[in-house]
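Novice: One structure, as structure tokens, below. Some questions next.
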Amino acid sequence: MANPFLEPSRLPFEAPPFDRIRDEDYQAALHDGMARETAEVRTIADRPAPPTFSNTIEALERAGSVLRRVSPVFHEVVESNANATLRRIDMEEAPRLAAHHDAIYLDDRLFERVNAVYDARDRLGLDTEARRLVDRYHREFVRAGAGLSDADKSTLRAINEELARLTTEFRERLLAGSNDSALIVDDAEELRGLSAEDLDGGGRSP
């Protein structure tokens, strides 16, 4: 079966085709998505032509389509319906995704192009939407540390990878703690007094 994340979904609003998604598809698509986005971003950063809205900002907006499809779906599933395989993938990929993000936003040549378009934004005749996009990308790069020194960037990369690892580890421990504290009732007599709605799980707290 082809990985369903590699092409846009044909469902309304491009909703994920969960009936076709296997657990292993997430990790494969994350790897494929990072590789594709790395190549796409490298092409933008290495362009010999002067930076313009089209060849820099708009090109960035179009890059990373596979990663944009798989990443939010994977993280939502991990948060709501994870199994052992998905939790393992989450632990393995969180630091890699953090490093991938930093490789883009801390790239000097790429930021130079984004910054050049930002500096020229008042002279480019941009409409409101395009101007907003320029502002957003510039702000994202700055907030991600694009203006830091090389030494500070190295420190930031290490911090971001460690944060990704610890956040995932915390989520794992929280889930394990919640599972361990779950109350399992296997004697119907212990539930005497509860309404049928409560027993069906549809009761609401006052």
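Novice: Picking from ALA35, ALA39, ALA28, which residue would you name as being out of contact with any Gly (no Cβ under 6 Å at 6 or more places or on another chain), touching a residue at least 24 places away in the same chain (Cβ under 8 Å) and either assigned to a helix (DSSP H, G or I) or crowded, with 19+ Cβ neighbours inside 10 Å (or both)?
Specialist: Details: ALA35 fails: touching a residue at least 24 places away in the same chain (Cβ under 8 Å); ALA39 fails: touching a residue at least 24 places away in the same chain (Cβ under 8 Å).
After ruling out the rest, the residue left standing is ALA28.
Novice: Here's another thing I want to ask about it. Taking the criterion of being out of contact with any strand residue (DSSP E or B) (no Cβ under 7 Å at 6 or more places or on another chain), at pLDDT 95 or above and closer than 30 Å to ASN83 by Cα, would at least one residue in the range 40-63 satisfy it? Even if it seems obvious, please write down each step before you answer.
Specialist: From the range 40-63, those out of contact with any strand residue (DSSP E or B) (no Cβ under 7 Å at 6 or more places or on another chain) are 40-63; that's our starting set.
Narrowing the set further to residues that are at pLDDT 95 or above leaves 40-63.
From what is left, the residues that are closer than 30 Å to ASN83 by Cα are none.
No - not one qualifying residue is present in the range 40-63.
Novice: Sort out which residues of the range 44-54 are free of Cβ contacts under 8 Å to residues at least 12 places away in the same chain and either within 13 Å of ALA116 (Cβ to Cβ) or part of a helix (DSSP H, G or I) (or both), and write them in order of number.
Specialist: Listed by number, the residues that qualify are ALA49, SER54.
Novice: Ok, one more. Working carefully through the options ARG87, ARG68, find the one that is part of a helix (DSSP H, G or I), at pLDDT 95 or above and either touching a Pro at 6+ places or on another chain (Cβ under 8 Å) or farther than 18 Å from ALA158 by Cβ (or both). Spell out how you get there, then give the answer.
Specialist: On the way: ARG87 fails: at pLDDT 95 or above.
Result: ARG68 is the single residue among ARG87, ARG68 that is part of a helix (DSSP H, G or I), at pLDDT 95 or above and either touching a Pro at 6+ places or on another chain (Cβ under 8 Å) or farther than 18 Å from ALA158 by Cβ (or both).
Novice: Moving on to the next point. Just checking, how many residues over the range 119-128 are charged (D, E, K, R) and within 14 Å of SER54 (Cβ to Cβ)? Walk me through how you get there before you give the answer.
Specialist: So the first thing to find is which residues in the range 119-128 are charged (D, E, K, R), and the list is 119, 121-123, 127.
Applying the additional criterion that residues be within 14 Å of SER54 (Cβ to Cβ) yields 121, 127.
Count: 2.
Novice: Turning to a different aspect of this structure: Answer yes or no: is there a residue in the range 151-166 that is in contact with a helix residue (DSSP H, G or I) (Cβ under 8 Å, 6 or more places away or on another chain), closer than 18 Å to ASN55 by Cα, among the hydrophobic types (A, V, I, L, M, F, W, C) and touching a residue at least 60 places away in the same chain (Cβ under 8 Å).
Specialist: no
Novice: Filter the range 10-25 down to the residues that are surrounded by 15 or more Cβ atoms within 10 Å (Cβ to Cβ) and part of a loop (DSSP other than H, G, I, E, B) and list them by number.
Specialist: PRO16, ILE21
Novice: Ok, one more. Among (1) within 30 Å of ASN55 (Cα to Cα); (2) touching a helix residue (DSSP H, G or I) at 6+ places or on another chain (Cβ under 6 Å), there is one condition ALA116 misses while meeting the rest; what is its number?
Specialist: (2)
Novice: Is it the case, given these coordinates, that ALA182 is over 19 Å from the mean Cα position of the chain (by Cα) and either touching a residue at least 12 places away in the same chain (Cβ under 8 Å) or not in a helix (DSSP H, G or I) (or both)?
Specialist: Numbers: over 19 Å from the mean Cα position of the chain (by Cα): yes; either touching a residue at least 12 places away in the same chain (Cβ under 8 Å) or not in a helix (DSSP H, G or I) (or both): yes.
Judged against the criteria, ALA182 is a match.
Novice: Then there is this: Based on what the data block shows, is ASP135 free of Cβ contacts under 8 Å to residues at least 12 places away in the same chain, farther than 25 Å from HIS75 by Cα and out of contact with any Lys or Arg (no Cβ under 6 Å at 6 or more places or on another chain)? Steps first, please.
Specialist: Details: free of Cβ contacts under 8 Å to residues at least 12 places away in the same chain: no; farther than 25 Å from HIS75 by Cα: yes; out of contact with any Lys or Arg (no Cβ under 6 Å at 6 or more places or on another chain): yes.
In short, no.
Novice: Can you find, within the range 100-113, the residue that is farthest from THR52 (Cα to Cα) among those that are in contact with a helix residue (DSSP H, G or I) (Cβ under 6 Å, 6 or more places away or on another chain), touching a residue at least 60 places away in the same chain (Cβ under 8 Å) and aliphatic (A, V, I, L, M)?
Specialist: ILE104
Novice: Okay, moving on. Checking the conditions here, which among VAL142, VAL78 is out of contact with any helix residue (DSSP H, G or I) (no Cβ under 6 Å at 6 or more places or on another chain), within 29 Å of HIS31 (Cα to Cα) and assigned to a helix (DSSP H, G or I)? Steps first, answer last, please.
Specialist: Working: VAL78 fails: out of contact with any helix residue (DSSP H, G or I) (no Cβ under 6 Å at 6 or more places or on another chain).
The conditions single out VAL142.
Novice: Got a number for residues in the range 109-147 being surrounded by 12 or more Cβ atoms within 10 Å (Cβ to Cβ) and polar (S, T, N, Q)?
Specialist: Residues that pass the stated criteria total 1.
The values are calculated or read from the model by the stated rules, or taken from the named source; none is laboratory data. The shown structure was predicted, so the numbers you read here are calculated from the model rather than taken from an experiment. With ideal geometry, Cβ positions are generated from the backbone for all residues, glycine too; neighbour counts draw on all protein chains shown.
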